[in-house]
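Undergrad: Have a look at this one.
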Amino acid sequence: MKRVLILCTGNSCRSQMAEALWATLGEGAWEAHSAGSKPSGYVHPLAIRAMQELDVDIADYQSKSASEFQQQPFDLVVTVCDNAKQDCPVYPNAKQTLHWPFDDPADAIGTDEEKLPMFRRVRDEIKTKIADFLGAS
């Protein structure tokens, strides 16, 4: 089984959604993990809600530190924000490293109902990018 680590700054939105999407789209061929350079300590409620719309439950996911995974072997490490690309530790045991920047849905302003479309858009962009990668590999 291949292993992927998705990195972001807070590990509350993008990387959490990517972890679940990778596990789902990978259909058992991939073990997916996510972490943050400065973990927020929670998974954003709107990320949970956006994923529930796809029947993917991340309510029990936890925000984790990137340093926890630094010595582990990975087939792929993906950074999903520019800060993570700069701030995260180096993963010497990673076979490949990619940078896929996505907008941070946590930056959306307004009510939850006004913020949710940005979470959906970013979720869908991440899903498309992972599906394209898995289809090409």
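Undergrad: Give the stretch 57-77 a look and list any residue that's part of a loop (DSSP other than H, G, I, E, B), under 21 Å from SER40 (Cα atoms), free of Cβ contacts under 8 Å to residues at least 40 places away in the same chain and out of contact with any Gly (no Cβ under 9 Å at 6 or more places or on another chain), or say none.
TA: If the condition is that a residue be part of a loop (DSSP other than H, G, I, E, B), under 21 Å from SER40 (Cα atoms), free of Cβ contacts under 8 Å to residues at least 40 places away in the same chain and out of contact with any Gly (no Cβ under 9 Å at 6 or more places or on another chain), then ASP57, ALA59, ASP60, GLN70 are the ones that fit.
Undergrad: Among the residues of the stretch 1-34, write down those that are of a type in the set (Val, Ile, Thr) and either outside any loop (DSSP other than H, G, I, E, B) or open to solvent by less than 10 Å² (accessible area, probe 1.4 Å) (or both).
TA: VAL4, ILE6, THR24
Undergrad: Can you tell me which residues in the stretch 91-137 are open to solvent by 60 Å² or more (accessible area, probe 1.4 Å), in contact with a strand residue (DSSP E or B) (Cβ under 9 Å, 6 or more places away or on another chain), in a loop (DSSP other than H, G, I, E, B) and within 16 Å of CYS8 (Cα to Cα)?
TA: PRO101
Undergrad: Moving on to the next point. Out of all the residues in the stretch 59-80, which are surrounded by fewer than 20 Cβ atoms within 10 Å (Cβ to Cβ), within 20 Å of VAL122 (Cα to Cα) and among the polar types (S, T, N, Q)?
TA: Within the stretch 59-80, just GLN62 meets the criteria.
Undergrad: Scan the stretch 35-56 for residues that are in contact with a helix residue (DSSP H, G or I) (Cβ under 7 Å, 6 or more places away or on another chain), over 14 Å from ASP124 (Cα atoms) and part of a loop (DSSP other than H, G, I, E, B) and jot them down.
TA: SER37, VAL43, HIS44
Undergrad: Test VAL56 against the criterion of being open to solvent by less than 10 Å² (accessible area, probe 1.4 Å) and not aromatic (Phe, Trp, Tyr), and give yes or no.
TA: no
The values are calculated or read from the model by the stated rules, or taken from the named source; none is laboratory data. Here the structure is a predicted model, which means the values were calculated and not measured. Cβ atoms come from the backbone with ideal geometry, glycine included; neighbour counts cover every protein chain shown. To get the accessible areas, we keep the full protein, side chains included, count just its heavy atoms, and leave off ligands, DNA and RNA. Shrake-Rupley method; radii C 1.70, N 1.55, O 1.52, S 1.80 Å.
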